[in-house]
Amino acid sequence: MIPMVNLKGQYHDIKEEIDSGLLEALESTQFILGPNVRAFEEEAAAYLGVKHAVGCASGTDALHLGLIAAGVGEGDEVITTPFTFIATAEAILYVGAKPVFVDIDPKTFNIDPEQVAAAITPKTKAIIPVHLFGQPADMGALLALAEKHNLKIVEDCAQSFGADINGMQTGSMGDVGAFSFFPSKNLGCFGDGGLITTNDDKMVEHLRVLRNHGSWKQYHHSELGFNSRLDELQAVILRAKLKRIDQYNDGRRRVGRRYNAALAEMGLTPAYEDGIGKHVYHQYALLADNREEIMVALRAKEIGCAIYYPVPLHQQEVFAESCKGQTLPVTESVAARVMSLPIFPELPDEQVDEILDVIRGVMVG
Ligand SMILES: *Cc1c(COP(=O)(O)O)cnc(C)c1O
């Protein structure tokens, strides 16, 4: 039996450090915006190479608060990818703006800057690139567009903690970066958690107020805010894992490369590693015309597999009205053929080979 993710191994490796940190936090009883949240914000900002990092309750909230801080609101258009998790688009709707979905690059599965350029209108206020599956989007091209048209960029880094482009971390290049610490992400906690990054001194003040009931001083509220804080106990876990994030991402890259070499030999389309920057393989996604056949064979051997994502956002029921009649051929073709294999830092080479043997069995018939 090989699962898609195995969170237990990672916990057990660092159990002592996490357990003692949690007990200490329990004894301190500083449960809301305590010392571990502050320390994690500083440690994460240093790792990511940004001036500021603000913890919040989830990746979805990080996008939502990030859009507000970037000044996106009612009547604005935000250009984004349809090939992502729904939260990317939810955040746009939460601020009263309109998501405009454009097609993706067939190799990286990330938003295609040429399609973004073609979709810019006088109402466009921002772009949300998603660094999907841990592969950096083409930030150079997007930043050039943003500068030319005076647009904000909110990077969706929910799947890309530790990915970089020439040493620039995802989440450090746009106006705002939004990270998720959902348990299965590259950097995951034991529940929900998120982080917003920015280099802007004004924006960070706004973000701290927004996440804490619009409050700049206790019982003084300057605007409508939210209860969206990173939990102190989650911060303990994140501090322990942040120290090891490079090791975790290296483990994912080891697995990813092993899949890449073997799948290419079988005539399948492996993940594309020669993209714009360093891929950290949040998911391992390949393209196969016969994915149903492969998935049946894997399941028969109790090997995990999944489709991220079977239905692009412009074809979701929630957008039935606003996206009526829209076709995005690259996205639709990818969604019809994409499938994901197990990947996590501790997955041993022997199990990767077992998975590959099952796929080879299908491919050679
Ligand atoms: C997980 C995810 C989110 C949302 O993060 P939560 O912490 O679950 O709210 C947003 N965007 C993408 C691309 C994600 O994968």
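The values are calculated or read from the model by the stated rules, or taken from the named source; none is laboratory data. Just so it is clear, the structure is predicted and the values come from calculations on it, not from any experiment. Cβ sites come from the backbone with ideal geometry, for glycine too, and all protein chains shown count toward neighbours. Each accessible area value is taken on the protein alone, full model and side chains, heavy atoms only, with ligands, DNA and RNA left out. Shrake-Rupley method; radii C 1.70, N 1.55, O 1.52, S 1.80 Å.
Which lysines have a Cα lying under 23 Å from the Cα of Lys123, excluding residues fewer than 8 positions away in the same chain?
Qualifying lysines at Cα under 23 Å: Lys98, Lys148, Lys152, Lys324.
Could you give the dipole magnitude of the stretch 93-134 about its Cα centre, charging the beta-carbon of Lys and Arg +1 and that of Asp and Glu -1, in debye to the nearest 20?
240
How many percent of the accessible area of the stretch 1-133 is carbon or sulfur, using a 1.4 Å probe?
Using a 1.4 Å probe with all protein chains present, the stretch 1-133 comes out at 55 percent carbon and sulfur.
Which of Leu268, Ser322, Asn290 sits farthest toward the positive end of the charge dipole of the stretch 245-364, with +1 on the Cβ of Lys and Arg and -1 on the Cβ of Asp and Glu?
Ser322
Which percent of Cα pairs goes in each bin when the distances of the stretch 7-242 are cut into 10 angstrom slices starting at zero?
In order of increasing distance, the bins hold 8, 34, 35, 18, 5, 0 percent.
Treat the stretch 102-198 as a sphere of radius equal to its Kirkwood radius over Cα pairs and apply Stokes-Einstein at 4 °C in a medium of 1.567 mPa s; give the translational diffusion coefficient in µm²/s, rounded to a whole number.
The estimated diffusion coefficient comes to 95 µm²/s.
What ranking, highest mean first, results for peptides 134-141, 286-293 when packing means the other Cβ atoms within 10 Å averaged over each residue?
Per-residue mean Cβ counts within 10 Å order the peptides as 134-141, 286-293.
Collect residues whose amide H, placed 1.01 Å from N in the peptide plane, falls under 5 Å from the amide H of Thr124; neighbours closer than 5 in sequence don't count.
Glu77
With only alpha-carbon atoms counted, please give the Rg and Dmax of the stretch 1-93, in Å.
Cα only, the stretch 1-93: 17.9, 51 Å (Rg, Dmax).
Which order do Asp250, Asp112, Asp156 take when ranked by solvent-accessible area (1.4 Å probe, heavy atoms of all protein chains), largest first?
The ranking, largest first, comes out as Asp250, Asp112, Asp156.
What residues qualify as long-range amide H neighbours of Ile153, i.e. H under 5 Å apart, gap of 5 or more or another chain, H built at 1.01 Å from N?
For Ile153, the qualifying residues are Ile127, Asp175, Val176.
Run the 1.4 Å probe and let me know the accessible area of Cys323, rounded to the nearest 10 Å².
10
Going from the alpha-carbon gyration tensor of the stretch 245-364, what semi-axes, largest first and in whole Å, does one get by taking the root of 5 times each eigenvalue?
Ellipsoid half-lengths, sorted descending, are 27, 18, 13 Å.
Evaluate 2.2 N^0.38 Å with N set to the residue count of the stretch 113-259, then give the Cα radius of gyration divided by it.
1.17
Can you give the helix-only mean residue ellipticity at 222 nm for the chain, where every DSSP H stretch with n ≥ 4 adds -39500 (n - 2.57) and the sum goes over all residues, rounded to the nearest 500 deg cm²/dmol?
-12500 deg cm²/dmol
What ranking do 60-67, 35-42, 326-333 get when scored by the average of other Cβ atoms within 10 Å per residue, highest first?
Result, highest mean first: 60-67, 35-42, 326-333.
From the protein chains alone at 1.4 Å, what is the descending order of accessible area for Leu7, Leu48, largest first?
The ranking, largest first, comes out as Leu7, Leu48.
With a probe of 1.4 Å, find how much accessible area the stretch 300-363 has per residue, and write the answer as a whole number in Å².
47
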